[in-house]
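Remarks on the structure that follows.
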2 protein chains.
Amino acid sequence: MSGRPRQFDAQAVIDAAMEVFWQHGYEGTSAQALCEGTGLGRGSLYNAFGSKQQLFEQALRRYQDLGLQAQLEILNRDDSVRHRLRALMEWGITADLDPNCQRSCMALRSVLERNHQDLVVKRINDAYLDRIERRLTELMTEGQQLGELRTDQPPRQLARGYMAGYYGLRVLGQSRPEREFLTDIVNDTLARL
Amino acid sequence: MSGRPRQFDAQAVIDAAMEVFWQHGYEGTSAQALCEGTGLGRGSLYNAFGSKQQLFEQALRRYQDLGLQAQLEILNRDDSVRHRLRALMEWGITADLDPNCQRSCMALRSVLERNHQDLVVKRINDAYLDRIERRLTELMTEGQQLGELRTDQPPRQLARGYMAGYYGLRVLGQSRPEREFLTDIVNDTLARL
DNA sequence: CCAATTTTGTAACGACCATTCCACTTTTTA
DNA sequence: TAAAAAGTGGAATGGTCGTTACAAAATTGG
């Protein structure tokens, strides 16, 4: 093992690529745009990551890692189950309303754009969903045991219903980025638990 | 007004274009694919519709018209409010699980892909959402008056919560096309009303 | 210091992109 | 029946796509 050392930090490049893909989607992102966004030349990019598709997969993995980390941090706080579930939704609203962030959730978009065409993308997204579903189910169980949540439905079902509400919120946040609209969704979703 | 008459039915062409865009998205659809899908030559397509973007807008409008029509038909049935709301969600599940239909909801995808970049697309999607929200709000009001639904939340909020559940269902249907998973979402969403 | 090895930027590749052009056909009008 | 008008398919346009080729640069081991 020898040769010229890399002149960039692979993690930083993936982060930069993530930003580009996040903003323009997979099909809407060109190799040219990736070079400009990362500061690397084509040679370096292709030598290090192989192809646009593989770089996208790494960028999506990074996005999901960061997202899961942030969401689990919220769900692990020392607070009531109800407050934590509300906090997660409000975190989603903040992301949807951020004016510096004229772009939808990269995960959502990758599901609709790439899940059917890229098996690796599908695996990344499936793994993320499994993790978040498992944590939410634990939380619903905890809430039921503490008497915070209704017990006429299994925790699994509560978790899945909440997930639908959450992703629906994220989608509608793209169409109707109005706090009042999104807050109605949160209040309704929480009221039924 | 004279000249050679068109040798195609504009509506049929828009329907065919809708199918192509539905399957491949906006960026993933080429003029070539549109010609093959519609049977028209490039000359005719551009002469009649102006550009790929304008054709997409017409195709999306058609998609939303058909979708709204089908959904309102369900919501206007002679049945209990609860049954009608459940029927709409089950209609969504059927669409998500249809194996002949390896494609996500065109409306969802157009929101994430094009809402920020094409004002006309945004207007089409906004109009659709307004219509469906209005109808759902009426339905929630009706359900409350009949004593079918809880009355501790305003109908507007119930409608918006249901919408989030519905679109979350459609998104998750792309990632987890399993009847059991989606049925949990329906049961949970309905149980809270 | 000289291979061997790896990374770098850039030029170049063929393919395909959305769109325009155009000669030709089919119609209406006069 | 000739001129005008509108539509037709297909060739051609300039541009951009993702990817590769390659020579120069930077490192290591001997």
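Which distance in Å, rounded to a whole number, links the C-alpha centroids of region B:1-28 and region A:1-40? Between the Cα centre of region B:1-28 and that of region A:1-40, the gap is 38 Å. The alpha carbons of region A:134-191 stretch over 36, 19, 16 Å along the principal axes, in descending order. Between B:T94 and B:L66, the simple label model (points 7 Å from Cα in the Cβ direction) yields a spacing of 1.5 nm. Across the copies of the chain, A:D126 has label points (7 Å from Cα along Cα→Cβ) spaced 4.0 nm apart, shortest distance listed first.
Rounded, prolate or oblate: which fits region A:48-131, taking a ≥ b ≥ c as square roots of the Cα gyration tensor eigenvalues, rounded meaning a/c under 1.5, else prolate when a/b beats b/c? It is prolate, given that a/c is not under 1.5 and a/b is the larger ratio. Binning the C-alpha pair distances of the protein assembly as shown at 10 Å intervals from 0 yields a P(r) profile of 5, 21, 30, 24, 13, 5, 1, 0 %, listed from the shortest bin outward.
Across the identical copies, the label point of A:E73 (7 Å from Cα in the Cβ direction) is separated from its matches by 4.9 nm, in order from shortest. With Cα atoms as the point set, the radius of gyration and Dmax of region A:1-91 evaluate to 17.2, 56 Å. Here the gap between A:N76 and A:R42, fully extended at 0.36 nm per residue and compared with their Cα-Cα distance, gives a gain of 8.1 nm. The tail of the calculated P(r) for region B:56-191 beyond 26 Å holds 24 percent of all Cα-Cα pairs. Rounded to 0.05, the FRET efficiency of the A:Q11 and A:Q117 pair, given R0 = 30 Å and the Cβ-Cβ distance, is 0.70. Each Lys and Arg Cβ is given +1 and each Asp and Glu Cβ -1; about its Cα centre, region B:56-191 then shows a dipole of about 340 debye. Counting from the shortest, the label point at B:C101, 7 Å from Cα toward Cβ, is 3.2 nm from the same position in each remaining copy. Two tests apply to each whole DSSP H helix in chain A, Cα reach of 15 Å or more along its axis and mean Kyte-Doolittle hydropathy of at least -1.0, and the ones passing both are A:10-24, A:52-75, A:81-97, A:119-145, A:155-175, A:179-191. Within the shell of other residues whose beta carbon sits under 9 angstrom from the beta carbon of B:G161, the net charge comes to +1, with Lys and Arg scored +1 and Asp and Glu -1. Selection among B:A95, B:T29, B:L119 by position relative to the dipole of chain B gives B:L119 as farthest towards the positive end (Cβ unit charges, Cα centre). Around A:H24, under 13 Å between beta carbons, what's the net of Lys plus Arg minus Asp minus Glu among the other residues? That sum, taken over residues with Cβ under 13 Å, equals -2.
When all alpha carbon pairs of region B:107-154 are counted in 10 Å bins from zero, the resulting P(r) reads 26, 32, 21, 20, 2 %. In the neighborhood of B:R77, defined by Cβ-to-Cβ distances under 15 Å, what is the net charge if each Lys or Arg adds +1 and each Asp or Glu adds -1? My count for the surroundings of B:R77 gives -3.
Rule-based calculations on the coordinates, nothing more; no lab input. Note that the coordinates shown come from a computational prediction; the quantities given were computed from them, not determined experimentally. Here the Cβ is made from the backbone with ideal geometry for all residues, glycine too, and neighbour counts use every protein chain on show.
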